[in-house]
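The values are calculated or read from the model by the stated rules, or taken from the named source; none is laboratory data. From a predicted model like this one, the values you see are computed outputs, not experimental measurements. Positions of Cβ are generated from backbone atoms using ideal geometry, with glycine treated the same way; all protein chains shown enter the neighbour counts. These accessible areas exclude ligands, DNA and RNA; they are computed on the full protein's heavy atoms, side chains included. Shrake-Rupley method; radii C 1.70, N 1.55, O 1.52, S 1.80 Å.
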Amino acid sequence: MNIVVLVKQVPDSGAERELRSDDQTIDRSSANNVLNEMDEYAVEEALKLQEALGGEVTVLTMGPEQAGEAIRKALQMGPDKAVHVLDGALHGSCAVATSKVLAAALRTLNPDLVLAGAESTDGRVQVMPHMIAERLGIAALTGARKLTVDGGTLTVERQTEEGYEVVTAATPAIVSVWDTINEPRYPSLKGIMAAKKKPVQTLSLADLGISPDEVGFAGSTSTVVESTKRPPRQAGTKVTDSGDGGVQLVEFLATERFV
Amino acid sequence: MTVERILPTPEASDLLALVCDIADRELAPRAADFEARGEFPRELLRLLGRAGLFGLPYDEEYGGGGQPYEVYLQVLEEIAARWLAAAEAISVHTLSCYPVAAHGTDAQRKRLLPDMLGGELLGAYCLSEPAGGSDAGAMTTRAQRDGDGYVVTGTKAWITHAHHADFFNVFCRTGGPGPRGISCLLADAGTPGIVPQAAERTMALRASPIAQVAFDGARIPADRLIGEEGAGFRIAMQALDAGRLGIAACAVGLAQAALDYAVGYARGREQFGQPIIDFQGVGFLLADMATAVSAARAQTLWAARLKDAGRPYSQEAAKAKLFATDMAMRVTTDAVQVLGGAGYVADHPVERYMREAKVLQIVEGTNQIQRMVIARHLAKG
C-alpha cells in the first residue's frame, strides 16, 4: 500500500505563541517549533499499516526551510522518504491555497491512502483533509479513532461527541486521525541515524505547475486583518472557609454550570 | 532547567532530545512511585533499550550505537536527572558489556554482542564478594576447568540486576592467588547453579534491588572465557575506568535535579515577605550548588573526551568519579536544607535524592579507592 502522511511544523503549543506584527502570520522565529502532535499518530498508523501490508510510507509537508526539521522528526519514526514543498511564494497561504498545493503534490505521489492528523495545534481548522479530498475527487474519512483496511476498502470509526460512527470508503481516500487511534512509537538511535540517509525531495511551485499568484497572500481567500493578544488570565475566585466553604464551592460550580 | 550542551553531531543532538522526551514522559512521572514500592521497572528499561540506549558507546558493527563517551555520558546524565535507578541500570548494563566488547575474540563479539547491546537483554557485573570489595584481587570464587567448561563456585556480592539480569560477567579465580590468577567468564542467567539470593534492604535505589549471587557448581562453557586465563583482573579494572565515568555522569544528573528543585522551591517560597532565594544565606548556598554541578559536569566530560581521543584517562576518570559523587552528596544534602522541614519529608523528592547520592560515593570503587588510584598515578609521575 502506498501511503502518504501529511505533516506540519507548528509552534509548541505548550509555550507562548505570537503572530508577526507585520503580516499576521505565525512568528516562527520566536517559537520552539515542533512536529504537530496529532501528525505523530498519523505517522504511527501509516507505519502499522506498512508493517501489516507492506508498501511505502512517504511524508509530505509544505512549509519554509525549517519545516525540514519536522520532516526529519517524522522520518526518525520510520517512514521511507519525504517530499517538502518549499517556495518563498507560499508564505501567507490560507487553508484553501494550501490544499491546492498539497493536492498537486499528492497527484505526483499517487497514493492509495493519505493520512493526516485531525487538526494542527496552530490553525486548528480541521478542514485540510476535506479540501484535499474535494480537489482530488477522493473520499475523506475524518476524525478516526480506528482504521481497518480490507483490500481496497477502508473502515473508520469516526469519533464524535456522542460516541462514534462507522464509515467506509474505497481507496484512494484520505483519513484524518485523533490521538485516540494509537500510541505513537518513540524513535530510536537507529531511526535517527537512518533518517539522515532517507531521500527528501524538494518541490517548488513551478515543479507542481502552480502559479505564485494562486497561493500566498495574493492567492488566499481569507486575510487576517488584525489580531489582539489573548487577555491575561483573570484572578480566580478565592473561597475562604468560615464554616460554609462547601456551600460556597457548590454555588460556584453551579453558577459556572460545572454541575 | 534545560542544560546547555555542545554536542559533536546533529544526530547526537537529536538523540539527547529523544532521551529527554522519553525521560520526561515515561521516567520522571513514575520514579517516586516505583521507588516507594520497590518495583523494578523492567518494561521501562526495555523501552530505553529499544530506543538504542543499551549499547551507546559500542561499535555499530556489533549492534552498538557508535557514540562517543562524551555523548553516552550526557544521555546518562539526563536520565539520572529524572530517575537515578534507570540511569544506573544503563550504566551497569553498559559496564557488563565492556569485557566482551573490549577483550572478546572477534567470534565472541559477533556471536554475543548484538543480543547484549540490542536492548532486550540486561547484564550484571559480578566482581565484589562478601569478604572482598575494594580488595578485589583477593577474591575466592573459583572456576575449575572441567572438560569443555568451567565449574564456578563461590558468592558474589552487591550485584545490581541480580534477579533480573540475562547474563552475568563473573570474575573468578582460575589460577593461583593474587590478581594474576583471575579470569572473566560470561554466564547466561539460566545456567543451573547460579542462584540470586534475597535482595538487600538498601537505603535507596529500592526500585533496583541488589543481592548476592551464589555460584553453586555453575557450569560455564569454555568458549565463554573472555580474554585469556589470568587476564580477568586487568579487564575488570579497565571496565571500571569506563564505568566510573558512568557513575560520575549519574552524579551530575542527580545533583542537577536536586539543584533545579531547590531553586524552584526557593523562588516560590516566601518568608518575611520575600522569596527565600533573595536571602543571601539561601541564594549563596544555591550559587555554590550550581557552581559545583557545572564543575563536575565539565570535569566528567573532559575525562570522556580524553577517552574518546584514545588518550590515557584512568586518572581523570577516578578524579571525575570522586569529585562528581562527593559533589552530588553535598548538593543533595544542601537541597534538603534549602527546603527545610519540607525537604525532610517524602512529599518532595530531595530527601530521596540525598539518600540516592550516598551510594554513588561507594559503587564502582569507593571514593577512598579513587583517591588511591589518583595517588598512585601521582606517585608514578
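Values as computed for the structure displayed
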| item | result |
| --- | --- |
| Calculated from backbone phi, Karplus (6.51, -1.76, 1.60) coupling profile of the range A:203-220 in Hz, x at Gly/Pro | 10, 9, 4, 4, 4, 9, x, 10, 7, x, 7, 8, 10, x, 4, 5, x, 8 |
| Placed amide H near residue A:177: partners under 5 Å, 5+ positions off or other chain | A:116, A:117, A:118, A:143, A:144 |
| Relative packing of B:73-83, A:232-242, A:111-121, A:202-212, which averages over residues the other C-beta atoms within 10 Å, highest first | B:73-83, A:111-121, A:202-212, A:232-242 |
| Estimated buried accessible area (total), pair A and B, 1.4 Å, Å² to nearest 100 | 1200 Å² |
| Exceeding the 27 Å Cα-Cα cut-off - candidates A:190/B:321; B:110/B:307; A:100/A:190; A:73/B:358; A:8/A:190 | A:190/B:321; A:100/A:190; A:73/B:358 |
| FRET efficiency for residue A:162 and residue A:27, using Cβ-Cβ distance with R0 set to 41 Å, rounded to 0.05 | 0.60 |
| Semi-axis lengths, Å, the range B:153-206, gyration tensor of Cα atoms, sqrt of 5 times eigenvalues | 23, 15, 9 |
| Within the protein assembly as shown: Cβ-based charge dipole about Cα centre, in debye rounded to nearest 20 (Lys, Arg +1; Asp, Glu -1) | 2100 debye |
| For the range B:250-376: relative contact order, % (alpha-carbon pairs under 8 angstrom, 6 or more apart) | 30 percent |
| Sulfur and carbon atoms: percent of accessible area, the protein assembly as shown [1.4 Å] | 51 percent |
| The range B:10-117: equivalent-ellipsoid semi-axes (sqrt of 5 x gyration tensor eigenvalues, Cα, Å) | 25, 16, 10 |
| Two-decimal Rg/Rh across the range B:189-265, once Rg and the Kirkwood Rh are taken from alpha-carbon atoms | 1.13 |
| Length gained when the stretch residue A:234-residue A:107 is fully extended (0.36 nm per residue, less Cα-Cα span) | 40.8 nm |
| Given charges at Cβ of Lys, Arg, Asp, Glu: the protein assembly as shown dipole, positive-most of A:92, A:191, B:286 | B:286 |
| Protection proxy ranking of B:48-55, A:157-164, B:146-153, B:128-135 - average other beta-carbon atoms within 10 Å, highest first | B:48-55, B:146-153, B:128-135, A:157-164 |
| Inter-label distance, nm, simple model (7 Å from Cα along the C-beta direction), residue B:280/residue B:371 | 3.3 nm |
| Per-selection metrics, the range B:239-380 (Cα): Rg and Dmax in Å | 16.7, 58 |
| Amide H contacts under 5 Å for residue B:219, placed H, 5+ residues apart | B:152 |
| Relative pair counts by distance (%), Cα atoms of the range B:7-71, 5 Å bins | 4, 16, 22, 22, 16, 11, 7, 2, 0 |
| Bins of 20 Å, starting at 0 and running to the largest distance - Cα pair percent for chain B | 29, 57, 12, 1 |
| Within 10 Å of each Cβ in B:18-24, the average number of Cβ atoms from other chains | 2 |
| Calculated P(r) of the range A:174-255 - Cα pairs past 18 Å, % | 79 percent |
| Using θ = phi - 60° and Karplus 6.51 cos²θ - 1.76 cosθ + 1.60, couplings along the range B:248-253 (whole Hz; Gly, Pro as x) | 4, 5, 4, 5, 5, x |
| Computed Rg/Rh of the range A:148-219, alpha carbon atoms with Kirkwood Rh | 1.12 |
| Cα-based Rg of the range A:75-229 normalised by 2.2 N^0.38 Å, two decimals | 1.15 |
| Exercise: per-residue mean of other protein chain Cβ atoms within 10 Å, A:188-200 | 5 |
| Overall dimensions of the range B:123-233 by Cα: Rg and Dmax, Å | 13.2, 44 |
| Taking chain B and dividing mean pair separation by its residue count, relative contact order in percent (alpha carbons under 8 Å, at least six apart) | 16 percent |
| From phi via Karplus (6.51, -1.76, 1.60), per-residue ³J(HN,Hα) for the range B:93-104 in Hz, x at Gly/Pro | 4, 4, 4, 6, 8, 4, x, 5, 5, 9, 10, x |
| Largest-first ellipsoid semi-axes for chain A, taking √(5λ) over the Cα gyration tensor eigenvalues, angstrom | 35, 25, 19 |
| Extension gain, residue B:298 back to residue B:25 (0.36 nm per residue minus Cα-Cα distance, nm) | 95.6 nm |
| Aspartates and glutamates with Cα under 18 Å of residue B:156, excluding same-chain neighbours fewer than 8 positions away | B:129, B:135, B:166, B:188, B:200, B:216, B:364 |
| Positive-end residue of B:172, B:149, B:132, charge dipole of the range B:123-233 with Cβ unit charges | B:132 |
| The range B:76-172: projected area of the alpha-carbon convex hull, averaged over directions, in nm² | 7.6 nm² |
| Globularity index of the protein assembly as shown, i.e. its alpha-carbon radius of gyration over 2.2 N^0.38 Å | 1.13 |
